[in-house]
1. Quickly work out the Glu349-to-Arg402 label distance, labels modelled 7 Å from Cα along the C-beta direction, and quote it in nm with one decimal.
2. With no solvent and one equal point scatterer per Cα, compute the Debye intensity ratio I(q)/I(0) for region 1-101 at 0.18, 0.21, 0.24 Å⁻¹ and report its log10, rounded to two decimals.
3. First compute the accessible area of region 319-399 with a 1.4 Å probe, then give the percent of it belonging to carbon and sulfur atoms.
4. R0 = 35 Å: FRET efficiency of Val268 with Glu77, Cβ-based, nearest 0.05?
5. Could you list the square roots of 5 times each eigenvalue of the Cα gyration tensor of region 364-456, that is, the equivalent ellipsoid semi-axes, sorted largest first and rounded to whole Å?
6. What angle do you read, to the nearest 10 degrees and between 0 and 90, between the alpha-carbon axis of helix 105-115 and the longest principal axis of the chain?
7. Rounded, prolate or oblate: which fits region 64-171, taking a ≥ b ≥ c as square roots of the Cα gyration tensor eigenvalues, rounded meaning a/c under 1.5, else prolate when a/b beats b/c?
8. Ignoring ligands, DNA and RNA, what accessible area per residue does region 67-188 give at 1.4 Å, in Å²?
Amino acid sequence: MTRHDAVVVGAGPNGLAAANRLVDAGWSVLLLEAQPEVGGAVRSDRELDPDFVHDTFSAFYPLAAASRGLAAFGLEEHGLAWRHAPAVLGHPLPDGRWAVLHRDRQVTARLMEEQHPGDGVAWLDLCAVWDRIGEPLVSALVSSFPPIWPGLSVLARLPGAGGLDLVKTLLTPATELGRRGFGGDGAGLLIAGNAGHADLPLDAPGSGVFGLLLTMLGQTVGFPVPEGGAGRLAQALARRLESRGGEIRCDAEVEHVIVEHGRAVGVVTADGRRYDAGRAVVADVSATHLFGGLVGPAHLPARVTRGMRHFQLDPGTVKVDWALDGPVPWASPPPYDPGTFHVGDSVSEMTEALGQVAAGVIPAKPFLLAGQMTTSDPTRSPAGTESMWAYTHVPQPDQTVRDAGEGGVRGLWDDSDCERFADRVQARIERLAPGFGSRIRARRILGPRELEARNANLVGGAINGGTAQLHQQLFLRPVPGLLGRPETGVRGLYLGSASAHPGGGVHGAPGLNAARAALLHHRLRRFHR
């Protein structure tokens, strides 16, 4: 038996952020990870081809680049270096046009103006509004709930950023937001495509603000990648933690949280070892795991048990990785090579595909999010080649109703299903880049079950810890009874995963919020003694 001030369960980006915050406060911290290496969904590997680095899960990190919490750790001193592609994001269309987001807003505006006169000025006007409101809005969205000080800052800047008209804009669905002030379809494709990173219906309130958030982050900080692979970000966090005395143990799966007299006092791992926590246990694990087994049901408040009966996961994911022996052979090359690109013939087609997923239907024309990693970071593969991936959302394995396509995908997501669906994904790219298939050196498919096997937090391939729809956001996340706070109803136990507010994305906010709550409660306990 060993004893620390805090035990953090799970070494994903949120667990690593929480552990770093606690060790900075002078606590002794033990971080336990079930997998052989740290990172959670921020890892990279060479298993497809030894000459190619592929990001196993996530790849581009605008939220990390914008995160004040992560920036405060000075990760560049621990080996992290950011790289950028020539363009942030591209959206190719069958007619040869591209909607392109460039880090230089003047370039983005010029490209929009060329496609539709007046759209360039409208884009710069939108950027100017974001300049006024963006920073406090992002801070409010990722802060502990309720976000009092960031919220007051948003209110103070609101009149100068458009007042109630801006509020209306933020509530506008993504399908409509790109039409406000724009005559062409470039802005709409960019905003709706970015909204499609979450599982919000594109025609629902809330989708617009999410799409605008990611689009404007791309415009201001870009979609950077860690040089050498996504795992370098997690490794930098781990090195920093260990340099300050924190301890990390991998291959250490936590089987249950020890609760005594209503308080979490430690954990037990699969090998039977007990690790005591004198002050806090922070869980960077899915809410379904924490409240569905790690903590005995007898210890959970009724409001949590009741709320978890209605907890909704986000959809599953199928990710395809390719090692290409040449660049993507676009039928119509983009004006600037993008790191990220989206595949969807129109906003309406994207809306249909994502709507099908929400209805339990496997899309015939899936909306794709894809990455050209060597374009973004030349260290990822030999010169003249491309390390590339694409992923798309699919229904959860137990919620599939039918396949809208002709490939006979059953929704079991065994090897047969994954191969057939990957062919469908690949055909979508081949249509825009004839000859794409002939450049494939190797292909890897990670379906919902394989993703969960590699990271238990990705339940059924859900990458955001729970749906991002409004009924499970803010003070309703993960369940109404917790009021959007990291406290779990069990004293000394804090939820610090993407299942907690503010949800998915590599920004560290759930872990940092959990660490702050643990520190605050410890100070209050000392004060009342």
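The values are calculated or read from the model by the stated rules, or taken from the named source; none is laboratory data. Fair warning: this is a prediction, and the values are worked out from it, not measured in the lab. Note: ideal-geometry Cβ built from the backbone for every residue, glycine included; neighbour counts use all protein chains shown. For accessibility, only protein heavy atoms count, side chains too; no ligands or nucleic acids. Shrake-Rupley method; radii C 1.70, N 1.55, O 1.52, S 1.80 Å.
1. It is 2.2 nm.
2. Ignoring solvent entirely, the Cα scatterers give -1.05, -1.24, -1.37.
3. On the way: 1270 of 2330 Å².
C and S atoms contribute 55 percent here.
4. Details: r = 36 Å, r/R0 = 1.02.
Computed FRET efficiency for Val268 and Glu77 comes out at 0.50.
5. Numbers: eigenvalues 132, 55, 23 Å².
Equivalent-ellipsoid dimensions as semi-axes: 26, 17, 11 Å.
6. Relative to the chain, helix 105-115 is tipped by roughly 40 degrees.
7. Values: a/c = 2.63, a/b = 1.21, b/c = 2.17.
Because a/c hits 1.5 or more and a/b fails to exceed b/c, region 64-171 counts as oblate.
8. On the way: 5870 Å² over 122 residues.
With the other protein chains kept in place, region 67-188 gives 48 Å² per residue.
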